[in-house]
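Working notes, structure below.
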Amino acid sequence: MNMIVEGYFKLLKVLIALFLAIMVVLVFGNVVLRYGFNSGITVSEEVSRWLFVWLTFLGAIVAMREHGHLGVDSLVKHLPSWAKRACLIVSQILMLYATWLLAEGSWQQTLINWDVAAPASGLSTGWFYGVGIVFGVSTGLILLVQLYKTVTGKLSDEELIMVKESEEQEELDALQHELGKRDGREALTNVPAQGR
């Protein structure tokens with residue numbers, strides 16, 4: 001099962017890179033064709049916009065799994081362990097509800113717009129809204145697994161805070177933790193030398 005999950009997230013990362021590359025080629029190619037040859041790629045703007053929406057949502061799925069989203073942890077990090085757990089459970093339930101609303105709305109919009117053709121490409125505009133379904137299902141499953149781990153107590157105290165105030169603060173905390181470990185090792189190696 002773990003291999004399937006890892007493969008899925010690797011596929012998402014490949015799709016994000018592919019979508020970004022296609023966007024660059026379409027937009028840059030369109031600019032060169034317009035200014036250099038007085039022509040252009042008709043579907044460039046529309047397809048680039050769709051790909052941008054898809055890569056944003058797919059990136060949000062990957063960030064959700066890797067706890068890459070930023071948040072406010074200034075209150076939660078000072079709470080006792082049981083309160084951190086309670087806050088995390090409440091936030092995960094609220095995120096599940098929001099994810100459900102997004103997935104349900106995307107499903108309805110996909111069905112409504114499935115027979116509507118996009119003006120430039122002629123593709124079904126249902127594909128544009130379909131990313132909300134992919135996001136909702138993927139993120140919902142991630143949140144359910146995280147909620148299960150939280151409720152069953154399988155998370156450590158550090159894992160009970162799933163968001164960080166800023167990336168710089170996270171790097172500073174990791175550096176301080178590493179320096180604390182190094183100082184502790186140096187103190188242990190100096191104790192026997194002082195005792196002699």
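Here are a few things to note about the model shown:
- So N30, is it surrounded by 13 or more Cβ atoms within 10 Å (Cβ to Cβ), over 26 Å from the mean Cα position of the chain (by Cα) and either at pLDDT 85 or above or polar (S, T, N, Q) (or both): yes
- Meets criteria (closer than 16 Å to M162 by Cβ, among the hydrophobic types (A, V, I, L, M, F, W, C), surrounded by 12 or more Cβ atoms within 10 Å (Cβ to Cβ) and modelled with pLDDT of 90 or more) for L88: no
- For the range 86-135, the tally of residues that are at negative phi, of a type outside the set (D, E, K, R) and in a loop (DSSP other than H, G, I, E, B) stands at 8.
- Within the range 138-152, the set of residues being under 17 Å from A60 (Cβ atoms) and surrounded by 14 or more Cβ atoms within 10 Å (Cβ to Cβ) comprises S138, T139, G140, L141, I142, L143, Q146.
Residue by residue, here is whether (1) closer than 21 Å to F128 by Cβ; (2) crowded, with 16+ Cβ neighbours inside 10 Å holds:
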{"site": "V5", "(1), (2)": "no, no"}
{"site": "V24", "(1), (2)": "yes, no"}
{"site": "S39", "(1), (2)": "no, no"}
{"site": "L55", "(1), (2)": "yes, yes"}
{"site": "A83", "(1), (2)": "no, no"}
{"site": "Y97", "(1), (2)": "no, no"}
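- In the range 67-81, the residue that is surrounded by the fewest Cβ atoms within 10 Å (Cβ to Cβ) out of those that are among the hydrophobic types (A, V, I, L, M, F, W, C) and over 16 Å from the mean Cα position of the chain (by Cα) is L75.
The values are calculated or read from the model by the stated rules, or taken from the named source; none is laboratory data. What you see is a predicted model; the values in this text were computed from it and never measured. Neighbour counts are summed over all protein chains in view; Cβ atoms, including those assigned to glycine, are modelled from backbone coordinates with ideal geometry.
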